[in-house]
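Notes follow the structure.
Where a number appears in this text, it was derived from the coordinates with a stated rule and is not lab data. What you are looking at is a predicted structure, and each value in this text was computed from that prediction instead of being measured. Virtual Cβ from ideal backbone geometry, glycine too; neighbours counted across all protein chains shown.
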């Protein structure tokens with residue numbers, strides 16, 4: 001007689017997770033889930049918890065998912081057109097998703113995880129456009145420009161081989177020794193640790209030479225890189 005062996009049925013993991021952080025609500029996509037699973041579960045959870053989302057900015061944490069333009073557009077139809085939600089921005093590391101999210105008119109935050117790299121310094125070759133945000137838990141070297149409305153954040157130093165015309169925040173973890181350096185330093189705002197220096201109404205005047213910013217005597221000061229090399233500061 002054949003023994004009957006009970007089948008073990010594995011439950012499918014949740015395609016999305018919803019969490020509140022401060023004033024924002026994060027919709028976190030499961031890296032292993034298909035778009036169809038994400039779509040159906042998103043609609044189901046939004047129907048069940050409509051009041052939870054009212055008046056709160058939504059952050060879409062898309063992980064490394066590569067979503068097509070049509071899939072990004074479908075998400076916009078569900079979240080904005082159907083449920084009238086306010087999207088703050090999306091978070092993703094996928095170049096395809098970044099391109100398509102920007103195409104439908106949403107802002108994107110590119111979050112680079114420290115554990116993905118062997119060192120605490122990373123080199124990025126791209127231009128940070130309006131509405132884009134780039135973070136790294138170490139020193140960040142950007143070969144490209146930071147346009148007005150773009151933002152770069154690092155726990156360590158920031159070096160921009162290009163024009164820095166947006167926002168830069170070095171020492172984001174409280175490191176007061178961090179510096180910000182750029183070939184052309186003309187930012188809207190500089191931040192080092194918890195200190196902020198805003199651009200004057202007329203803007204920063206390009207100096208025609210590489211400059212850096214550092215904390216000195218409790219303030220953010222700007223000077224020529226040449227002085228830093230000579231040790232004049």
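Looking at the stretch 66-182, send over the antiparallel percent of its DSSP beta bridges, to the nearest 5.
0
What would the Debye formula give as log10 I(q)/I(0) at q = 0.11, 0.12, 0.18, 0.23 Å⁻¹ for the alpha-carbon point model of the stretch 11-111, no solvent?
Here log10 of I(q) over I(0) equals -0.28, -0.34, -0.81, -1.40.
Can you work out the FRET efficiency for the pair residue 14 and residue 69, with r the C-beta to C-beta distance and R0 = 22 Å, to the nearest 0.05?
Calculated transfer efficiency: 0.30.
Give me 96, 137 ranked fewest to most by other Cβ atoms within 10 Å of their Cβ, as a rough exposure proxy.
Numbers: 96 14, 137 19.
Listed from fewest to most nearby Cβ atoms, that is 96, 137.
Just order 189-197, 177-185 by mean Cβ neighbour count inside 10 Å, highest at the front, would you?
Ranking the peptides 189-197, 177-185 by packing returns 177-185, 189-197.
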